[in-house]
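Engineer: Here it is, the structure, as structure tokens.
The values are calculated or read from the model by the stated rules, or taken from the named source; none is laboratory data. Since we're looking at a predicted model, the values are computed, not measured. For neighbour counting, all protein chains shown are included, and Cβ atoms are generated from backbone atoms with ideal geometry for every residue, glycine included.
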Amino acid sequence: MPIPPFVAELRALVGTTELWLPAVTAVVRRDTGPQHEILLTLRADNGQWAPVTGILDPGEEPALGAAREALEETGVVVTVDRLASVSASPQVTHGNGDLGVYLDLTFDCTWVSGEARVADDENVDVRWWPADALPPMSDWLRQRIDDVLAGETAARFRQPPS
């Protein structure tokens, strides 16, 4: 579902005004022998590769939201292993002119089951990529993957540039 109903209701009141919304990124990994693979989606709205992302529903527990987004977008079941980083996205202008900035919670997730596939209308392709050969994507999305691959046990909190 591209626009959650609660966001559509807000948009009816505020138009395209910038909204600050809570979101999750699920960086889904699986091991294929000695190397990791990362599950990426090719977004229908901008034609760019990205990890699984989505807006949290009101009152939704963030880790459950990350697992839900992975299933809804790619058809795979995951475990949510840890919070890897907390950051804010740059301002995003959606195709319809809506503006948004997203408070993102990035989770390190492990594939459990399911064949990766396009499972919604938000994406046009879903594919496993070797962690050392990811396709081009925006720097701020790539940073989320790097935060997971760093393997740290404590979450990274992005600091404003000095």
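Table: residues versus (1) touching a residue at least 60 places away in the same chain (Cβ under 8 Å); (2) over 11 Å from the mean Cα position of the chain (by Cα); (3) surrounded by fewer than 17 Cβ atoms within 10 Å (Cβ to Cβ).
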position	(1), (2), (3)
GLN35	yes, yes, yes
GLN48	yes, yes, yes
GLY65	no, no, no
GLY75	no, yes, yes
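Engineer: Out of all the residues in region 143-162, which are in a loop (DSSP other than H, G, I, E, B) and among the acidic types (Asp, Glu)?
Structural biologist: Within region 143-162, just GLU152 meets the criteria.
Engineer: Considering only region 88-120, state which residues are within 16 Å of GLU152 (Cα to Cα) and either over 12 Å from the mean Cα position of the chain (by Cα) or not charged (D, E, K, R) (or both).
Structural biologist: Result: LEU105, THR106, PHE107, CYS109, THR110.
Engineer: Just to be sure before I move on: is TRP140 of a type in the set (Phe, Trp, Tyr), touching a strand residue (DSSP E or B) at 6+ places or on another chain (Cβ under 7 Å) and not in a loop (DSSP other than H, G, I, E, B) in the structure I sent? So that I can check it myself, show each step before the final result.
Structural biologist: On the way: of a type in the set (Phe, Trp, Tyr): yes; touching a strand residue (DSSP E or B) at 6+ places or on another chain (Cβ under 7 Å): no; not in a loop (DSSP other than H, G, I, E, B): yes.
Against the criterion (of a type in the set (Phe, Trp, Tyr), touching a strand residue (DSSP E or B) at 6+ places or on another chain (Cβ under 7 Å) and not in a loop (DSSP other than H, G, I, E, B)), TRP140 does not qualify.
Engineer: Report whether or not GLU60 is part of a strand (DSSP E or B) and over 14 Å from the mean Cα position of the chain (by Cα).
Structural biologist: Details: part of a strand (DSSP E or B): no; over 14 Å from the mean Cα position of the chain (by Cα): yes.
When the stated conditions are applied, GLU60 does not pass them.
Engineer: A further question on this structure: Any residue in region 1-25 that is in a strand (DSSP E or B) and at pLDDT below 90 sitting within a Cβ distance under 7 Å of a residue that is loosely packed, with under 15 Cβ neighbours inside 10 Å and of a type in the set (A, V, I, L, M, F, W, C)? List the pairs, counting only those 6 or more apart or interchain.
Structural biologist: Note: no pairs meet the criteria.
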